[in-house]
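In what follows, a structure is listed as structure tokens, so that the remarks can point back to it.
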Amino acid sequence: MSPPGKFSDEFKNAAGAAVDLESICTDLDVDYAWLHGAYKGMSGNQPLADIVKTPHFKDFRTKIYYLYEAVNDTHGVDIGYPWVIYLLANMTVPELSRLTEASNDIALGAGLVKAKYTSPAERAGKSGIVSVSHLHGIRLCTEIGGLMDTFSRHGIDSYVCTASLEHVVAVFATLPKYGYNVPRDHVIGLRLEQDGETLKNVYRKGWPLTWGPGKTTAIKQVLFAQKGYGPLLVAGDSDGDYDMLRDFSDTRLGLIVNRMKKGKIGDLSKIAADTIKETNPRYVLQGRQESSGNWLPQESSIKLGKTELQLLA
């Protein structure tokens, strides 16, 4: 669980006051209780189309996004990543899979936009009025689907190692309609304890946090234990992928989807940029246009809201 108390200095409300865990959780509890009671599918009689227009919903949406950012930035992913998946506790795996598929399909049809949300003034509550930005929309990457298919036809297995809840990513990775066709047991991610099919708000005992060094640990536990060697190719796009991109002597190529990031992934991106002209580089960059999600036939990318190509941060 997230430690109590104030968040880091950048997380203040509109009045300039510090925001703490207890206050924002109190506001979320009040909002959720109202929403649960008002929803047509529960004990109330309001349809969802009306619910999402209410100040309670707008306050809940803003503050849950805000809380996610505040917990991760204040306490790091070791706290933030397990915490956010605890929100799915008491759901069954089939329920979660149906919810995930519906969410995927809506997001695939939505625009790729970075939206700013501000909680309603009439719902200031204990934490006050807060604002947060959130990136909406997802896209299929046909190049990755094609690469996985090519690997499969040549006897090379593809795996997905994610810092998200394994059950959630498995829907996108395995359902044929999304085009990746990854076997379910080839999806490796965050895991919760379960009571049968029901998820618990307890992280899986003995299972690593599949971010950063934890991805390497999980790959060793699953792939290396089965096959006796590490991955031939590793692809990633963030600091959470840094360790697995470089930790295995068997890896011949590290593919970095270029998000022009600083930090550890930025260090590897710099190596890739410096070795573009080499015949057999250890790392390569893959450019992308963020406004469409499409890959570009070059190493540079175009940031969301920009028009010019950029190679490094």
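The values are calculated or read from the model by the stated rules, or taken from the named source; none is laboratory data. Predicted model, so just to flag it, every value in this text is computed and none were measured. Note that each Cβ is placed from the backbone with ideal geometry, even for glycine, and that neighbours are counted across all protein chains shown.
Points worth noting:
- Within the option set Leu268, Leu255, being assigned to a helix (DSSP H, G or I) and crowded, with 17+ Cβ neighbours inside 10 Å holds for one residue only, Leu268.
Yes/no per residue for (1) small (Gly, Ala, Ser); (2) within 20 Å of Gly128 (Cα to Cα); (3) touching a Leu at 6+ places or on another chain (Cβ under 7 Å):
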residue	(1), (2), (3)
Phe60	no, yes, yes
Asp73	no, yes, no
Val77	no, no, no
Ser103	yes, no, no
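- Restricting attention to region 64-104 and to residues that are polar (S, T, N, Q) and part of a helix (DSSP H, G or I), the residue that is nearest to Gly214 (Cα to Cα) turns out to be Asn72.
- Given (1) touching a residue at least 12 places away in the same chain (Cβ under 8 Å); (2) over 24 Å from the mean Cα position of the chain (by Cα), index of the condition Glu299 fails: (2)
- Failed condition for Thr54, given (1) polar (S, T, N, Q); (2) free of Cβ contacts under 8 Å to residues at least 60 places away in the same chain; (3) closer than 29 Å to Thr174 by Cα: (3)
- Qualifying residue in region 121-137 (condition: modelled with pLDDT of 95 or more, touching a Lys or Arg at 6+ places or on another chain (Cβ under 8 Å) and part of a loop (DSSP other than H, G, I, E, B)): yes
- Residues in region 285-312 that are of a type in the set (S, T, N, Q), under 20 Å from Gly145 (Cβ atoms) and surrounded by fewer than 17 Cβ atoms within 10 Å (Cβ to Cβ): Ser292, Asn294.
- When the residues of region 1-27 are filtered to those that are free of Cβ contacts under 8 Å to residues at least 60 places away in the same chain and out of contact with any Pro (no Cβ under 8 Å at 6 or more places or on another chain), the one that is farthest from Lys126 (Cα to Cα) is Asp9.
- Taken together, Gly44, Gly37 contain a single residue that is in the same structural domain as Tyr117 (by TED's automatic domain parsing), surrounded by fewer than 18 Cβ atoms within 10 Å (Cβ to Cβ) and either outside any helix (DSSP H, G or I) or touching a strand residue (DSSP E or B) at 6+ places or on another chain (Cβ under 7 Å) (or both), which is Gly44.
- Condition broken by Glu95, with the remaining ones in (1) surrounded by fewer than 18 Cβ atoms within 10 Å (Cβ to Cβ); (2) in contact (Cβ under 8 Å) with a residue 60 or more places away in the chain; (3) of a type in the set (Asp, Glu) satisfied: (2)
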